[in-house]
Amino acid sequence: MEELIRLQEEITYLSQFINEDRLSRIDEVLGSRTKHLTVVLEDIHKAHNANAVLRSCDGFGVQDVHIIENKNRFESSSTTSLGSHKWVTLHKYSTHESNVLQCFETLKSNNYTILATSPHHGNTHISEVDVGQKTALVFGTELDGVSAEVLQLADGLVSIPMFGFVESYNLSVSAAICLYSLRTKLMHLPKSEWQLSQLECLELRKDWMIKSIQHGKRIWQRYLKQKQSQD
């Protein structure tokens with residue numbers, strides 16, 4: 001309760017620096033945001049593809065993206081993501097003995113079913129996935145797909161039907177197809193099953209307001225200093 005009150009106070013302070021149209025847009029997007037679906041990117045080495053996936057995640061209302069960094073480091077790019085990286089939450093795994101295991105344990109602790117996407121190993125079409133449970137979709141490198149470790153640790157494997165000579169779609173296209181399929185199903189569930197909690201909405205609202213305000217970080221730091229002096 002105290003945290004909710006604190007967030008409301010912070011949002012009230014920030015509201016004086018942002019126009020009503022932007023606030024309405026933020027609230028509209030928050031109403032469609034979800035953590036019921038999440039995306040995992042494993043060791044993607046082409047930054048433009050990874051950033052294109054972030055753009056799709058934002059477009060389909062997926063808030064969290066988990067990034068496994070083994071050999072390759074992910075760098076966000078406004079050019080490809082069109083700024084989408086500012087509106088999604090990135091969780092990176094790069095310092096563990098097994099970054100895949102650490103990522104999957106984190107997802108499991110939050111009750112996600114982990115599905116690895118693979119054109120060669122998938123035994124379930126994406127259209128057959130049950131979205132009644134929280135679902136994490138894992139996408140691998142452009143050349144080799146997901147690693148053997150991912151295949152071993154995932155709860156299941158999914159694929160996208162192919163009707164031509166090529167064996168797989170481009171990474172960003174694959175992610176978009178999968179997210180469209182699952183998001184369409186999600187919209188048939190009660191909103192209470194997939195929408196963000198009140199606390200999550202307030203936290204994101206504050207974060208997005210800061211990012212939407214000109215010199216938002218500077219204004220926010222000034223507010224924090226004022227609070228500290230009062231305390």
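So that you can scan it fast, the table gives a plain yes or no per residue for (1) among the hydrophobic types (A, V, I, L, M, F, W, C); (2) surrounded by 14 or more Cβ atoms within 10 Å (Cβ to Cβ):
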site: THR106; (1), (2): no, yes
site: PRO119; (1), (2): no, yes
site: VAL131; (1), (2): yes, yes
site: THR141; (1), (2): no, yes
site: SER147; (1), (2): no, yes
site: VAL158; (1), (2): yes, yes
site: SER174; (1), (2): no, yes
site: ILE177; (1), (2): yes, yes
site: HIS188; (1), (2): no, no
Does LEU101 qualify as being surrounded by fewer than 20 Cβ atoms within 10 Å (Cβ to Cβ) and within 14 Å of GLN152 (Cα to Cα)? yes
For the range 168-188, pairs from a residue that is closer than 14 Å to ARG55 by Cβ and part of a loop (DSSP other than H, G, I, E, B) to a residue that is modelled with pLDDT under 95 and of a type in the set (Lys, Arg), with Cβ under 8 Å and 6 or more apart or across chains, are none
Quick one: which residue in SER15, SER24 is hydroxyl-bearing (Ser, Thr, Tyr) and in contact with a Leu (Cβ under 9 Å, 6 or more places away or on another chain)? SER15
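From LEU157, LEU204, LEU171, grab the single residue that is of a type in the set (A, V, I, L, M, F, W, C) and under 30 Å from LEU23 (Cβ atoms).
LEU204
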Which of the residues that make up the range 1-33 are of a type in the set (Asp, Glu), over 16 Å from SER197 (Cα atoms) and touching a residue at least 60 places away in the same chain (Cβ under 8 Å)? GLU10
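Within the range 133-167, how many residues turn out to be assigned to a strand (DSSP E or B) and either without any contact (Cβ under 8 Å) to a residue 40 or more places away in the chain or more than 23 Å from the chain's Cα centre (by Cα) (or both)?
Qualifying residue count for the region: 1.
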If SER168 satisfies all but one of (1) at pLDDT 90 or above; (2) of a type in the set (S, T, N, Q); (3) surrounded by 14 or more Cβ atoms within 10 Å (Cβ to Cβ), what's the number of the condition it fails? (1)
So which residues in the range 89-125 are under 22 Å from ILE177 (Cβ atoms) and of a type in the set (Phe, Trp, Tyr), if there are any at all? TYR112
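The values are calculated or read from the model by the stated rules, or taken from the named source; none is laboratory data. Since the model is a prediction, treat every value here as computed from it, not as a measurement. Cβ sites come from the backbone with ideal geometry, for glycine too, and all protein chains shown count toward neighbours.
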